[in-house]
Amino acid sequence: MSETLFSSSSQRGFTSTPHANEQYNDQAPSAPTEIPRLARDTTAEQPWPVSVLSQKFHDAVSKWPGAWIEGQIVEINTRRSGSAYLTVRDNFEDISISVMGFRQFAVMAREFHQGDRVVIHGHPDLWVKQTRLSFMADDIRRVGTGDLKQQIEELRKKLKGEGLFDIERKLALPEFPARIGLVCAPQARAEGDVITNARLRWPTIEFTVVHAHVQGPQCPPDVIAAIQRLDADSSVDVIIVARGGGSFEDLLGFSDEGVVRAAASCQTPLISAVGHEDDWTLIDLAADLRASTPTDAAKRAVPDVNEQLQIVAEGRRRIRDRVTYIVSNESRLIEGYANRPSLTQPLLMLERPQRFVDESGQRLDIALRRIVDDAGLTIEKLHASLTALSPQSTLNRGYAVVQSVTGHVVDNAQTVHSGDELTITLRHGTVLATASTTAPSTPNT
């Protein structure tokens, strides 16, 4: 049956593959022995197999002539297996084409980079297995640096000169945010990545999500409006602008001057999570923090609850250890005070002072005795001297003291006249006498 099918197909001006028709016959054993020659002859009862249509497309495309095309490389991937895959964008229109090449072309493509403006020669090709149209290249030449890349570089220099990328302008992220403002595309994978990973780390975090176009002409105004709206919301503690990976062309909206200025003037800390780790846009330079992916942005925006619990547990342990150490130290001090003899036997405190008092009393008694003895000896000496010099001692030896009536001691007989009254003081008592005569003294007296 398959032989009849292919024979009739060849006669009708198109070719196919036995494998494709065998598949078709296996899946539809009741198919007719012949299929329509032209597309307008197909019906619901007599359709074309997919392989036939794909082969017809391939045959038609293979007749197209080769051509030179000009554009800008927005994505390039060269492999060691000897193949190269490029996405080339029109210099003026928002239109791109897939370019692939092998062998020599792959070697030549390794000298080119994203953003280069090139001219490429090749011919259209359709991959039958997936009915995919591409441009099979065999030559590539450099025209110049891509206009878009150059424009972005000039804009970067301009904004940098204005100080929009200065470190001093960067805001610190809050340590424990309560609400995150998220700018992303509706139903985008980036939204789920940010929310899921943020709540895994910090379950109480809340989100205010603003959907916006993240590529194409609507991207810049939507992103600007979303940033300004979230910045005006006082409940938002940090803003994340997130988009999944894409080609250089897809991410152009995040290098728009208005988007960069909106990010730089934002008073709320802003994290940019646009593309993958190797993708860079100008909003990354203006943001307060650049995350490599939306998942990385979620991890940087909130703390890890497990880490915080460990920090709290460690803090509590240190406090407990410190309090235990202080209490133990004070307990040892109290125990030491309680065991001191001054508390257990308080009278011992008086022993040393009592000894001092006793010894001082003894020393004072000895000193006073010595002072008294010395004074006594002095008195005795003075008494002996006084006694020796005293008139009484003379009287005691049998002498007498003669005094006149006036009380003057009579020591010269010439001063006494006959009839003068005299007082004679003896050892014991006094004699009143009257002078009868006087005699002059002799030279020996």
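The values are calculated or read from the model by the stated rules, or taken from the named source; none is laboratory data. Here the structure is a predicted model, which means the values were calculated and not measured. Virtual Cβ from ideal backbone geometry, glycine too; neighbours counted across all protein chains shown.
When residues of the range 152-181 are filtered for being closer than 30 Å to G115 by Cα and not in a helix (DSSP H, G or I), how many remain?
Of the residues in that region, 6 qualify.
Would you mind stating whether V305 is in contact with a helix residue (DSSP H, G or I) (Cβ under 9 Å, 6 or more places away or on another chain), crowded, with 19+ Cβ neighbours inside 10 Å and not charged (D, E, K, R)? Break it down into steps so the answer makes sense when it comes.
Values: in contact with a helix residue (DSSP H, G or I) (Cβ under 9 Å, 6 or more places away or on another chain): yes; crowded, with 19+ Cβ neighbours inside 10 Å: no; not charged (D, E, K, R): yes.
No; evaluated as a whole, the condition is false for this residue.
Got a number for residues in the range 38-68 being under 27 Å from I97 (Cβ atoms), surrounded by 12 or more Cβ atoms within 10 Å (Cβ to Cβ) and of a type outside the set (S, T, N, Q)?
Step one: list which residues in the range 38-68 are under 27 Å from I97 (Cβ atoms), which gives 39, 50-68.
With the extra rule that they be surrounded by 12 or more Cβ atoms within 10 Å (Cβ to Cβ), the set shrinks to 50-61, 66.
When the remaining residues are screened for being of a type outside the set (S, T, N, Q), the result is 50, 52-53, 56-61, 66.
Residues flagged as under 27 Å from I97 (Cβ atoms), surrounded by 12 or more Cβ atoms within 10 Å (Cβ to Cβ) and of a type outside the set (S, T, N, Q) within the range 38-68 amount to 10.
What single numbered condition from (1) of a type outside the set (V, I, T); (2) in contact with a Ser or Thr (Cβ under 8 Å, 6 or more places away or on another chain); (3) surrounded by 10 or more Cβ atoms within 10 Å (Cβ to Cβ) fails to hold for L426?
Unmet condition: (2).
Would you confirm whether any residue within the range 376-397 is in contact (Cβ under 8 Å) with a residue 12 or more places away in the chain and assigned to a loop (DSSP other than H, G, I, E, B)?
no
Condition check: surrounded by 15 or more Cβ atoms within 10 Å (Cβ to Cβ), polar (S, T, N, Q) and either part of a loop (DSSP other than H, G, I, E, B) or assigned by TED's automatic domain parsing to the domain that holds D233 (or both). Does Q114 satisfy that?
On the way: surrounded by 15 or more Cβ atoms within 10 Å (Cβ to Cβ): yes; polar (S, T, N, Q): yes; either part of a loop (DSSP other than H, G, I, E, B) or assigned by TED's automatic domain parsing to the domain that holds D233 (or both): yes.
Spelling it out, Q114 is indeed surrounded by 15 or more Cβ atoms within 10 Å (Cβ to Cβ), polar (S, T, N, Q) and either part of a loop (DSSP other than H, G, I, E, B) or assigned by TED's automatic domain parsing to the domain that holds D233 (or both).
Among the residues of the range 182-194, which ones are in a loop (DSSP other than H, G, I, E, B) and free of Cβ contacts under 8 Å to residues at least 40 places away in the same chain? Working first, answer last.
Let us first name the residues in the range 182-194 that are in a loop (DSSP other than H, G, I, E, B), namely 185-188.
The answer is P186, Q187.
Tell me yes or no: at least one residue of the range 350-361 is among the basic types (K, R), out of contact with any helix residue (DSSP H, G or I) (no Cβ under 6 Å at 6 or more places or on another chain) and surrounded by fewer than 10 Cβ atoms within 10 Å (Cβ to Cβ). I'd like the intermediate steps shown before the answer.
Within the range 350-361, the subset among the basic types (K, R) is 352, 355.
Remaining after also requiring out of contact with any helix residue (DSSP H, G or I) (no Cβ under 6 Å at 6 or more places or on another chain): 352, 355.
Among the residues that remain, those that are also surrounded by fewer than 10 Cβ atoms within 10 Å (Cβ to Cβ) are: 352.
Yes, the conditions are met somewhere in the range 350-361.
Please work out which residue is nearest to R199 (Cα to Cα), limiting yourself to the range 297-344 and to residues that are in a helix (DSSP H, G or I) and touching a strand residue (DSSP E or B) at 6+ places or on another chain (Cβ under 9 Å).
In the first step, residues of the range 297-344 are kept if they are in a helix (DSSP H, G or I); the result is 297-301, 305-338, 341-344.
The next check asks that each one be touching a strand residue (DSSP E or B) at 6+ places or on another chain (Cβ under 9 Å); those that pass are 297-298, 300-301.
Numbers: A297: 12, A298: 9, R300: 12, A301: 11 Å.
Top of the filtered list is A298.
Looking at T268, T324, which one is modelled with pLDDT of 90 or more, in the same structural domain as I167 (by TED's automatic domain parsing) and surrounded by 10 or more Cβ atoms within 10 Å (Cβ to Cβ)? Lay out the reasoning, then the answer.
Details: T324 fails: in the same structural domain as I167 (by TED's automatic domain parsing).
So the residue among T268, T324 that is modelled with pLDDT of 90 or more, in the same structural domain as I167 (by TED's automatic domain parsing) and surrounded by 10 or more Cβ atoms within 10 Å (Cβ to Cβ) is T268.
With the requirement that a residue be part of a helix (DSSP H, G or I) and either of a type in the set (F, W, Y) or touching a residue at least 24 places away in the same chain (Cβ under 8 Å) (or both), what does the range 197-226 give you?
At the first step, the residues of the range 197-226 found to be part of a helix (DSSP H, G or I) are 197-201, 219-226.
Listed by number, the residues that qualify are N197, A198, R201, C219, P220, P221, V223, I224, A226.
Do you know which residues across the range 406-420 are in contact with a strand residue (DSSP E or B) (Cβ under 6 Å, 6 or more places away or on another chain) and within 15 Å of T437 (Cβ to Cβ)? Show your work before the answer.
Of the residues in the range 406-420, the ones in contact with a strand residue (DSSP E or B) (Cβ under 6 Å, 6 or more places away or on another chain) are 409-410.
Answer for the range 406-420, where residues must be in contact with a strand residue (DSSP E or B) (Cβ under 6 Å, 6 or more places away or on another chain) and within 15 Å of T437 (Cβ to Cβ): just V410.
Working only within the range 298-312, note down all residues that are among the β-branched types (V, I, T) and closer than 29 Å to C184 by Cα.
Residues of the range 298-312 among the β-branched types (V, I, T): 302, 305, 311-312.
Once the filter is applied, which keeps residues that are among the β-branched types (V, I, T) and closer than 29 Å to C184 by Cα, the range 298-312 yields V302, V305.
Condition check: in contact with a His (Cβ under 9 Å, 6 or more places away or on another chain), crowded, with 17+ Cβ neighbours inside 10 Å and either at pLDDT below 90 or among the β-branched types (V, I, T) (or both). Does I76 satisfy that? Let's see the steps before the verdict.
Details: in contact with a His (Cβ under 9 Å, 6 or more places away or on another chain): yes; crowded, with 17+ Cβ neighbours inside 10 Å: yes; either at pLDDT below 90 or among the β-branched types (V, I, T) (or both): yes.
Yes.
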